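Visitor: Quick one: structure below, then a few questions.
FYI, it's all coordinate maths here, none of it is from the lab. No experiment lies behind these values; they were computed from the predicted model shown. Glycine gets a Cβ as well: all are built from the backbone with ideal geometry, and neighbour counts include every protein chain shown.
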Amino acid sequence: MWKYGQYCPLAHALEILGDRWTLLIVRDLTKGITHFNDLERGLPGISRGLLSRRLQQLEGAGVIEKRSHSGRKSTEYVLTAAGQDLGLTLQDLWTWGMQWAFPEPSPDELNSPLLMWRMHKEVNTAFLPDTRVVVRFDFSGVERSRYWLVLTPSDVSLCLTDPGFDIDVIVSADLKAFFQVWAGRMRYSEAVKQGHVLIDGTPNLIRNFPKWFDWCAA
């Protein structure tokens, strides 16, 4: 951990948070991603060793707490009160980045598996129908790919191959545009209006589809 040698609250905060990946780890923790493997999957390019060190640093600084459950081998990382306050600060940083540092995505940033993984982690299950809904995503543009989400109020599954259920909703989208919708650079309604996103299904499912996900801008 780098030490600035300055008696300044910003300098001390940056000694904890200024290392690469640290704030993105906190970002994912604020989204309710609490398990090591899930955190790793949401941060392509980070090594398991580096992720472990960053989590140890955050724990030592009192930003997160490591919890082990009796009778289970799984371990969770959860935000402390300090970490929750930091989440509010990240929201301000997100707003600044959206206004001043957020151009159109470059080709190397269009990682469709990561996009779908994040989407399936950020489903508003309270708005889902009581029965199972299967959504197929067909992406085009810089790449052609297909994914399925199987949605119920109690479980959300991401499938890379056909799960074998009847399809209730089909979303056909330009991958670049869909990334911008998810990240809040383009409104979902505008993307549909311009034809970047086409959605097929019953009128009720089409109408409620935007409510199922935590879009940055709907």
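Visitor: Give the order of S68, S145 when sorted by the count of other beta carbons within 10 angstrom, beginning with the fewest.
Guide: On the way: S68 9, S145 15.
Listed from fewest to most nearby Cβ atoms, that is S68, S145.
Visitor: Here is a further query. Testing the spin-label approximation: label points 7 Å from Cα along Cα→Cβ at N204 and H69. State their distance in nm.
Guide: So the two model labels end up 3.3 nm from each other.
Visitor: So what is the relative contact order for the stretch 9-100, in percent, with contacts set as C-alpha pairs under 8 Å and at least six apart?
Guide: Numbers: 72 pairs, mean separation 25.0, N = 92.
Reported relative contact order: 27 percent.
Visitor: Would you report the distance distribution of C-alpha pairs in the stretch 107-212 as whole percents per 10 angstrom bin, up to the bin with the largest distance?
Guide: 14, 51, 32, 3
Visitor: Could you work out how far apart the two model spin labels at W94 and A11 are, taking each label as a point 7 Å from the Cα in the direction of the beta carbon, and quote it in nm?
Guide: Here the answer is 3.2 nm between the modelled labels.
Visitor: Continuing with this model, one more query. Taking one equal scatterer on every alpha-carbon of the chain, how large is log10 of I(q)/I(0) by Debye at q = 0.11, 0.12, 0.16 1/Å?
Guide: Ignoring solvent entirely, the Cα scatterers give -0.64, -0.75, -1.21.
Visitor: Another question, if that's okay. Which value, in debye to the nearest 20, gives the size of the charge dipole of the chain about its Cα centre, when Lys and Arg are +1 and Asp and Glu are -1 at the Cβ?
Guide: Result for the chain is approximately 320 debye, rounded to the nearest 20.
Visitor: Now for a separate question. Could you order peptides 54-61, 178-185 by the average number of other Cβ atoms within 10 Å of their residues, highest first?
Guide: Values: 54-61: 17.5, 178-185: 20.4.
Per-residue Cβ counts within 10 Å, averaged per peptide and sorted highest first, yield 178-185, 54-61.
Visitor: A follow-up question, please. Can you compute the modelled spin-label distance between S106 and E76, with each label point 7 Å from Cα toward Cβ, in nm?
Guide: 3.8
Visitor: Output ³J(HN,Hα) for the stretch 162-172: one whole-Hz value per residue in order, computed from phi by the Karplus curve 6.51 cos²θ - 1.76 cosθ + 1.60 with θ = phi - 60°, and x for Gly and Pro.
Guide: Here the 3J(HN,Hα) series is 4, x, x, 9, 4, 8, 9, 9, 10, 10, 10 Hz.
Visitor: Something else: Per DSSP H run of at least 4 residues, take -39500 (n - 2.57); add these up for the chain, divide by its residues and hand me the 222 nm value, nearest 500 deg cm²/dmol. Could the numbers behind the result be given before it?
Guide: Details: 9 runs with 88 residues, N = 218.
The helix-only estimate for the chain comes to -12000 deg cm²/dmol at 222 nm.
Visitor: Work out which helices of the chain, taken as complete DSSP H runs, extend at least 24 Å along their axis over the Cα atoms and score a mean Kyte-Doolittle of -0.5 or more, then list them. Intermediate values should be presented prior to the final figure.
Guide: Numbers: long enough: 81-100 (29 Å, -0.11).
Once both thresholds are applied, what remains is 81-100.
Visitor: Neighbouring Cβ atoms within 10 Å as the yardstick, rank C159, C8 fewest first.
Guide: Least crowded to most crowded, the residues run C8, C159.
Visitor: On to the next question. Could you work out how much longer the chain between D130 and N37 gets when fully extended? Use 0.36 nm per residue separation minus the Cα distance between them, nm to one decimal. Please report the intermediate quantities before stating the final value.
Guide: Details: separation 93, 0.36 × 93 = 33.48 nm, distance 2.96 nm.
Additional length available on full extension: 30.5 nm.
Visitor: For a quick check of your reading of the filter: which GluC sites (Glu not before Pro) in the stretch 73-145 sit in a DSSP loop and have no more than 14 other Cβ atoms within 10 Å? Before the final figure, lay out each step's value.
Guide: Numbers: sites: E76, E109, E122, E143; in loops: E122, E143.
Here the GluC sites (Glu not before Pro) that fit, given the DSSP loop and packing criteria, are E143.
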